Structure formats: C-alpha cells, structure tokens
Amino acid sequence: MTLAKKLLFLASGRGSNFQSFVDHIELGILRNLLIAGVVCNQNRAPVLDRARKAGIQTFEIEGVTGKKFSSPEEREEARIAFDKQCLDIVKSQSIDFVVLAGFDQIVSKKFVDAFPLKIINIHPAYDLKKFGGKNMIGSRVHESVLSSGVEYSGCTVHFVTGKVDQGPAILKRRVPVLPGDTGSKLGERILLEEHLAYPEALQLLVEGRVLVSDSGDGCFVDFYSDNWDIFWYERQCAYIDIQSKQKRLHE
Ligand code: GRF
C-alpha cells in the first residue's frame, strides 16, 4: 500500500483553492495525498472556517502582513520567526509538501532552503516574468495584464524559490482576455482554472512525474505515460461538473 503524502496549506484569505483540494479529495480525484493542516496568518480568514468544516486542523500564527514594525530588520525577524514555526509543523507532522494558497506573506529564504522544491505556489498569471513578483498581487495582476494588451493570461503552478514567483513552473493554463474584460471578470475566469490546475499539479508531483531541469529554469512533466492524462481527465470531470453547476447558479 502506498503511504499518502501529506500537505500543509499556508493561506490568508478566502481559501477557494484550498476548498478545491478538499473537494478533489472527497470526490476521489486526488489520490494518495491528504491535507494535514492549514496555517493561517489572518484570524478572521474564511479559509479557517472551510478547514474546520472539513475537519482539518488549523494553526493560527500571527503574521506580518498589515502590521507596523519599527524597522525593516524587526519585520524580517518576525517573518523568520513565523516561518520557523511553520518549519516546526512541517517536521512534527512529517509534511511532504507545503502548498501556498492565497498566502499574503513572502516565504523567507531560510524556509525555502530548509525545504527545497517542496513548497509550491499558484500565481494568477501565465507570464510570470511580466506579471509576477513582489508587487503583483490581487487585482493588480489582472489590471496589469489588461493594460499591457496581451491576448491571454492564465495561471501558473510553480516551485517556490528565493525569487518571488520565478521558481520553476510545473503547470500553466491559458485564459483568453475577452473584449470588454475587467480585472475582476478576468480574475474570476482564471480562478476557475486555478481550481483545476493546482490539484492536477500536486497529483503529478506526488506521483513523481515532475522533474526540475538541471538549469533550474523549468520542469519536465510526464503527463502522458500510462495514459495518466486520460485517467486524470476522466476523474476530474466529476469536479468540473460541480463547478459548472455552481457557475450557472451564479449567473
Ligand atoms: C488566487 O488567485 C491565487 O492565485 C493567488 O491568491 C488567490 C487566492 O485565492 N495566489 P483563494 O484564497 O484560494 O480563494
């Protein structure tokens, strides 16, 4: 029997990506992985309610976002102390992968170095060179995409390295920019793709189908051997079905 790989989520807000993992696991789409806990740095974040409802343990740790510090050094110390607590959880719970899902803090170099190629993030853009990085958060990403005039955006699942949003990409999905688009309309369409792409990337990872290139610039991903892509798609249809019904309800 294969031992399930354990995920630890780091999240700060709405938690819709976290929810998509819960749903994928409940529907039997994601296999051989389990969510061991959610670390949250915002005490009123809806992701905490989602976790409690799903019976998943939560770790509320005071974060640095939105807090005032007397110096940048003090802020950095607080960030490192936060990450140290996360690393303690990683060790005590024998975590295999840390999944950032709407986490509003930058992970410190110490954390990244202590858990290399085991921390994953999703960013709501296709081209992370242009639309990723420290200040590219929330609606700013989509507004920048629209004002640049590119024809498509999307989402990218990538390893977290010392360079914000620039770690090797595991999976990307395109979403076209449509006439009359606004940042929020584009963002909503991208979010639906995120909910499909993020679980897929993690399933590929836990099955050992992702190999980072020697240069560290990108990944080789084996989607196709043993018809993996077909079996994945067949399973994920159950989620897509629920997603489309919910979408229709909101229209
Ligand atoms: C997502 O758009 C994700 O790409 C970005 O933050 C947002 C989080 O949304 N990193 P949610 O909290 O998962 O609903």
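A few points about this structure:
- Gyration tensor verdict on the range 85-138 (Cα atoms; rounded if a/c is under 1.5, prolate if a/b is larger than b/c, oblate otherwise): prolate
- 5 angstrom amide H check on ILE119, placed H, neighbours 5+ away: VAL98, VAL160
- Spin-label pair ASN227/LYS163, simplified geometry with 7 Å Cα→Cβ offset, distance in nm: 4.0 nm
- Between amide H atoms placed 1.01 Å from N, distances below 5 Å from PHE59 occur with VAL38, VAL39, CYS40, all of them 5 or more places distant or on a separate chain.
- At an R0 of 35 angstrom, the distance between the Cβ atoms of THR2 and ARG52 translates into a FRET efficiency of 0.80.
- For the range 5-249, the antiparallel share of DSSP beta bridges with both residues in that region comes to about 45%.
- Per-residue HN-Hα couplings for the range 37-52 [Karplus 6.51, -1.76, 1.60; θ = phi - 60°; Hz; x = Gly/Pro]: x, 10, 9, 10, 9, 10, 6, 10, 5, x, 4, 5, 5, 4, 5, 4
- Dipole magnitude (debye, nearest 20) for the range 5-249, charges at Cβ of Lys, Arg, Asp, Glu: 500 debye
- Along the range 16-31 the Karplus relation, 6.51 cos²θ - 1.76 cosθ + 1.60 evaluated at θ = phi - 60°, assigns HN-Hα couplings of 6, 5, 4, 4, 5, 5, 4, 5, 4, 6, 4, 7, x, 7, 7, 10 Hz to successive residues, with x for each Gly and Pro.
- Nonlocal amide H pairs with SER153, under 5 Å, H built at 1.01 Å: VAL175, VAL177
- Descending by average beta-carbon neighbour count within 10 Å, the peptides 221-227, 35-41 line up as 35-41, 221-227, the highest first.
- The range 169-191 and the range 19-91 have Cα centres spaced 26 Å apart.
- Within the accessible area of the chain (1.4 Å probe), percent carbon and sulfur: 52 percent
- In order through the range 80-89: 3J(HN,Hα) via Karplus (6.51 cos²θ - 1.76 cosθ + 1.60), integer Hz, x for Gly, Pro: 5, 5, 4, 5, 5, 5, 5, 4, 4, 5
- Relative contact order (%) - criterion: Cα under 8 Å, at least six apart; region: the chain: 18 percent
- Accessible surface calculations at 1.4 Å, restricted to protein heavy atoms, place the range 5-249 at 51 Å² per residue.
- Cα gyration tensor shape for the range 146-212, rounded if a/c is under 1.5, else prolate or oblate: prolate
- Annotation: extensible slack from PHE220 through ARG235 equals 3.1 nm (criterion: 0.36 nm per residue apart, minus Cα-Cα distance).
- Dividing the summed helix terms, -39500 (n - 2.57) for each DSSP H run of n ≥ 4, by the number of residues in the chain produces a 222 nm estimate of -13500 deg cm²/dmol to the nearest 500.
The values are calculated or read from the model by the stated rules, or taken from the named source; none is laboratory data. Keep in mind the model is a prediction, meaning the values are calculated, not measured. We place every Cβ from the backbone using ideal geometry, glycine too, and count neighbours over all the protein chains shown. In case anyone asks, the SASA skips ligands and DNA or RNA and just uses the protein heavy atoms, side chains included. Shrake-Rupley method; radii C 1.70, N 1.55, O 1.52, S 1.80 Å.
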